[in-house]
Amino acid sequence: MSMIMVDGIKDIVFHNGIVRIDCLAAGPNGEQRASGTIVIPANVTGPILQSLANAMQELDKKIREHAAEMANKQPQGTAD
C-alpha cells in the first residue's frame, strides 16, 4: 500500500465509472507539485466521502475536547 501526501487538490475527473482525484503536495522549495492520484470506483464515491467527512468531524471533536482539557489543567496566572 502506498501513501500520498495531500496538501491540495489539482483536479477531480470522472471517466469510465472511475473518479480520479489528482493530489498536490508542497515540494522542498514550497511550490505545489503532483503527489499522486486517488482512484475510486464511482459507485462507492458517495459512501467513501461521507465516511471521510464523518471521521473528520469526530477527529475535530476530539481535538477540541483535548484542547479544552489542557486549558483547564493549566495553572491560573497570578496578578502582580
Practice prompt. Name the residues whose placed amide hydrogens come within less than 5 Å of the amide hydrogen of Val19, ignoring near sequence neighbours (fewer than 5 apart) on the same chain.
Written response: Ile40, Ala42
Worksheet item: How about Lys61: which aspartates and glutamates have a C-alpha closer than 18 Å to its C-alpha, ignoring those fewer than 8 places off in the same chain?
Response: Glu69
Item to complete: Kindly express, to the nearest 10 degrees and within the range 0 to 90, the angle between helix 42-73's C-alpha long axis and the longest C-alpha principal axis of the chain.
Response: 10 degrees
Worksheet entry | Value at 222 nm in deg cm²/dmol, rounded to 500, when DSSP H runs of n ≥ 4 in the chain each add -39,500 (n - 2.57) | -14500 deg cm²/dmol
Discussion item. Which aspartates and glutamates, if any, have their Cα less than 13 Å from the Cα of Lys73, not counting same-chain residues under 8 positions apart?
Written reply: Glu65
Fill in: Set of lysines with alpha-carbon distance to Lys10 below 19 Å, sequence-local pairs under 8 removed
none
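The numbers here are math on the coordinates, done by the rules we state, and not lab data. Just so we're clear, the structure is a prediction, and the values are computed from it rather than from any experiment.
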